[in-house]
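Novice: Please find one structure pasted underneath; my questions will follow.
The values are calculated or read from the model by the stated rules, or taken from the named source; none is laboratory data. Only a predicted model underlies this, so the values are computations on that prediction, with no experimental measurement involved. When we count neighbours, we look across all protein chains shown, and the Cβ atoms used for this are built from the backbone with ideal geometry, even at glycine. Heavy atoms of the whole protein, side chains included, go into the accessibility calculation; ligands, DNA and RNA do not. Shrake-Rupley method; radii C 1.70, N 1.55, O 1.52, S 1.80 Å.
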Amino acid sequence: MSQPVLEIRNLNVDYGLGDKAVHAVRDVSLTLHRGEVLGLAGESGSGKSTLAYGLTRLLPPPGVITGGQVIYHPEGGQPYDVLALTDRKLRQFRWAETAIVFQGAMNSLNPVHKISTQLTDVLRAHEPKMSEHTRGARAREMLKLVGISPDRMDAYPHQLSGGMRQRVMIGMALILQPQVVIMDEPTTALDVVMQRQILGQLIELRERLGFSVIFITHDLSLLVEFSNRIAIMYGGRIVEEAPAATIYRDALHPYSAGLLASFPALRGPKRELAGIPGSPPDLAGMPSGCSFHPRCPKAFDPCPTTIPVLGPPADLNSAGRSVACWLHPALEIS
Amino acid sequence: MTSTKAPSGEVVLEAVGLTKHFPVRRRLRQIFRKEHEAVHAVDDVNLTLRRGQVVALVGESGSGKSTVARLLAQLYPRTDGDIRLHGVSTRVKGGRPFREYAARVQMIFQDPFASLNPVHTIRYHLTRALKIHGNAENLDAALHDLLTRVSLTPPERYLDKFPHELSGGQRQRVAIARALGARPEALLADEPVSMLDVSIRLGVLNLLRDLKERLNLAILYITHDIASARYFADQTLVMYAGRMVEGGDSETVTQTPAHPYTKLLIDSAPDPDRLIADIDPLEEDRGNGEPPSLIRPPSGCRFHPRCPSAMPRCSTDLPVPLQIGDTPGHWAACWLYDSPEVAS
């Protein structure tokens, strides 16, 4: 893969302070390469959205980043730590370098403003020298890019359908040509038909504009199809990371395997599926050791006591993948 | 429970030509107009629920699938058509008849976070269901029995908990236990797993299937996920814009879909076997666009404005259910399958 664009190093995010703090993201390290789609999968409460908000410093209180670094590599510039930026620099960084499409993006548009106003607002804030005319032209171009006819510029959000609103949100995210786009469950509220159209379009745009995507969803079968690499989160940690096809064919962590077996197949032979017994852990009372061990069918001696380290499995010769499981202990990295 | 001894395959609930129009409030300038506008939420729906069988109703949001469930539960009065319970036409509106109906047909809602009262314990919820439907003699045994049935064991641990102390999957199991408290013959499950975490969805679906077999229930499973319909249901019906477009054996409908809309739905479902390299962003001829307005639905076939294989006839004539191939029971409401001799 090409060079990295965003490196997350040992990020920790808590909700609350002191003893009562809930550790929502623990020790997460993840690298996003230029031009790739990185899928982030996990159930509700696994910390995937918190991770996304944490790395852009958008966490509302009581969310606190308690440690780690987020290194951003601008194109042809010196890398810097996003978490150490001053407020002023952060303001410039957001949207221009990293944009987010939020969960339930259909409701993130302001209902009392025309979409033209909302699209040009961003330009007004980030490129104040741009003329009114150029701003309008840029917004129109953006709408055309996401497949909405530019004459809908003067429509209010309620005059657009859910799918169109979602497209407007994607257009807004791309208007400053960011290097990284974070999509937090972008299509969960949409129908499957619309979902496929929008994702197909997003992939096409990515090829044209060359940005990288962090795609967060609970639908692993969608990720396998649309992303290059997948990281699976459970209980605030990344438990497995590998190329999409590798995870689909041969998931090493029992949780990844269980998650994959939770989606009934539409084609191929019909088989009995079991899902995963038990329910996702409560972040406030996380099990000791590997947080998946109470639900794990393959748990053995070290699982309840020692936390497995995420790393390339020593027993398998497979490049580019890492797993945090005692079944496949990590290589000692010197 | 004598009712469980009824033969499997016996018809419990039938909808015949079921129709529901919701009136639209008239604006001032329309007040003198003759015609009344209405949302055509459900038009001419036929379905049959049999004991020991699961029928899946698949469609996008807004296709009217939840309205069908609510009509069958008699929560809405119907505009036209008929609902037959064991062959007897029923129309109930509150009071004792509604309770008697509810004892036989129970509904499970989508959101277990909203369908349980947060200020009452599990014991209260289940006791109420048992008492209302007169199954409360030997209450403790009945409560234990219900919780054991939905695999919340040991029952003592759950009885005195409040809903917020349970996870989503456990709450949905309580909701199912509550429905079973009425000792129903038919369950109407309106997206019972779509609000649950992915890893526990199958557990709840497997539980429903197990209950169906043990209690000989008739289940209507409403979903937008056609893959889960294939997994869970014996029969699958596909709805589009308030009308049934295709129906038949689940395996046949999902493997050899006939109606262009069903094909679109199946092509759009996430498929891990199709990897990123194979996505062709230019495939635009498969019926893009959006579902139509139901206030003025398209004439003829409601899918014709999006349909890649629409013919002139589709915009004028309403398609009738036509038999597909030689698979018994597989039908589609599409003129593509009209044989010339029938047309003449």
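Novice: Report yes if A:A231 is open to solvent by less than 10 Å² (accessible area, probe 1.4 Å), within 13 Å of A:G42 (Cα to Cα) and in contact with a strand residue (DSSP E or B) (Cβ under 9 Å, 6 or more places away or on another chain), otherwise no.
Specialist: yes
Novice: Looking only at residues that are more than 7 Å from chain A (Cβ to nearest Cβ) and open to solvent by less than 30 Å² (accessible area, probe 1.4 Å) in segment B:259-273, which one is nearest to B:I324 (Cα to Cα)?
Specialist: In this case the residue turns out to be B:H259.
Novice: Okay, moving on. If I filter segment B:330-343 for residues that are under 15 Å from B:M244 (Cβ atoms), open to solvent by 40 Å² or more (accessible area, probe 1.4 Å), modelled with pLDDT under 90 and in a helix (DSSP H, G or I), do I get at least one hit?
Specialist: Within segment B:330-343 (the criterion being under 15 Å from B:M244 (Cβ atoms), open to solvent by 40 Å² or more (accessible area, probe 1.4 Å), modelled with pLDDT under 90 and in a helix (DSSP H, G or I)), the answer is yes, since at least one residue qualifies.
Novice: Taking helices (runs of 4 or more DSSP H) that do not extend beyond segment B:116-232, which have at least 3 residues that are open to solvent by 10 Å² or more (accessible area, probe 1.4 Å) and not small (G, A, S)?
Specialist: B:122-132, B:139-149, B:155-159, B:168-180, B:198-215
Novice: If you go through segment B:86-115 one residue at a time, how many are under 16 Å from B:E185 (Cβ atoms) and open to solvent by 70 Å² or more (accessible area, probe 1.4 Å)?
Specialist: Of the residues in segment B:86-115, 4 are under 16 Å from B:E185 (Cβ atoms) and open to solvent by 70 Å² or more (accessible area, probe 1.4 Å).
Novice: Quickly run through segment B:233-252 and pick out the residues that are within 14 Å of chain A (Cβ to nearest Cβ), of a type outside the set (V, I, T) and either under 24 Å from B:P292 (Cα atoms) or surrounded by fewer than 22 Cβ atoms within 10 Å (Cβ to Cβ) (or both).
Specialist: Result: B:D234, B:M239, B:Y240, B:A241, B:D249, B:E251.
Novice: Further question on the same structure: For residues that are without any contact (Cβ under 8 Å) to a residue 40 or more places away in the chain and open to solvent by 50 Å² or more (accessible area, probe 1.4 Å), scanning just segment A:286-298, find the one that is nearest to A:D219 (Cα to Cα).
Specialist: A:P294
Novice: Please enumerate the residues belonging to segment B:42-61 that are part of a loop (DSSP other than H, G, I, E, B) and either in contact with a strand residue (DSSP E or B) (Cβ under 9 Å, 6 or more places away or on another chain) or among the charged types (D, E, K, R) (or both).
Specialist: B:R51, B:G52, B:Q53, B:G59, B:E60, listed by residue number.
Novice: List every residue pair whose Cβ atoms sit under 6 Å apart, with the two residues 6 or more apart in sequence or on different chains, where the first one lies in segment B:78-104 and is on the phi < 0 side of the Ramachandran plot and the second, anywhere, is polar (S, T, N, Q) and outside any loop (DSSP other than H, G, I, E, B).
Specialist: Close Cβ pairs satisfying both conditions: B:T79/B:T19; B:D80/B:T19; B:D82/B:S89.
Novice: Here's something else I'd like to know. Can you tell which of B:S268, B:S199 is polar (S, T, N, Q), under 22 Å from B:A310 (Cα atoms) and without any contact (Cβ under 8 Å) to a residue 40 or more places away in the chain?
Specialist: B:S268
Novice: Would it be correct to say that A:G320 is within 11 Å of another protein chain (Cβ to nearest Cβ) and open to solvent by 40 Å² or more (accessible area, probe 1.4 Å)?
Specialist: no
Novice: Only one of these conditions is not met by A:A314: (1) modelled with pLDDT of 85 or more; (2) open to solvent by 10 Å² or more (accessible area, probe 1.4 Å). Which number is it?
Specialist: The failed condition is (1).
Novice: Just for segment A:279-311: of the residues that are farther than 25 Å from A:A21 by Cβ and under 26 Å from the mean Cα position of the chain (by Cα), which one is modelled with the highest pLDDT?
Specialist: A:C296
Novice: Still on this structure, I have one more. Filtering segment B:63-97 down to residues that are assigned to a loop (DSSP other than H, G, I, E, B) and of a type in the set (V, I, T), which residue is modelled with the highest pLDDT?
Specialist: For segment B:63-97, the residue satisfying everything is B:T79.
Novice: I would also like to ask the following. Find all pairs meeting these conditions: Cβ atoms under 8 angstrom apart; at least six residues apart or on different chains; first residue within segment A:232-259 and basic (K, R); second residue open to solvent by 30 Å² or more (accessible area, probe 1.4 Å).
Specialist: Going by the 8 Å Cβ cut-off, the qualifying pairs are A:R237/A:R26; A:R237/A:D27; A:R237/A:L310.
Novice: Pick from A:R321, A:R249, A:R295: which is of a type in the set (K, R) and under 25 Å from A:N10 (Cα atoms)?
Specialist: Selected residue: A:R321, the only one of A:R321, A:R249, A:R295 that is of a type in the set (K, R) and under 25 Å from A:N10 (Cα atoms).
Novice: A further question on this structure: Being in contact with a strand residue (DSSP E or B) (Cβ under 7 Å, 6 or more places away or on another chain) and of a type in the set (D, E, K, R) is the filter; apply it to segment A:58-104 and report the residue that is surrounded by the most Cβ atoms within 10 Å (Cβ to Cβ).
Specialist: My answer is A:E97.
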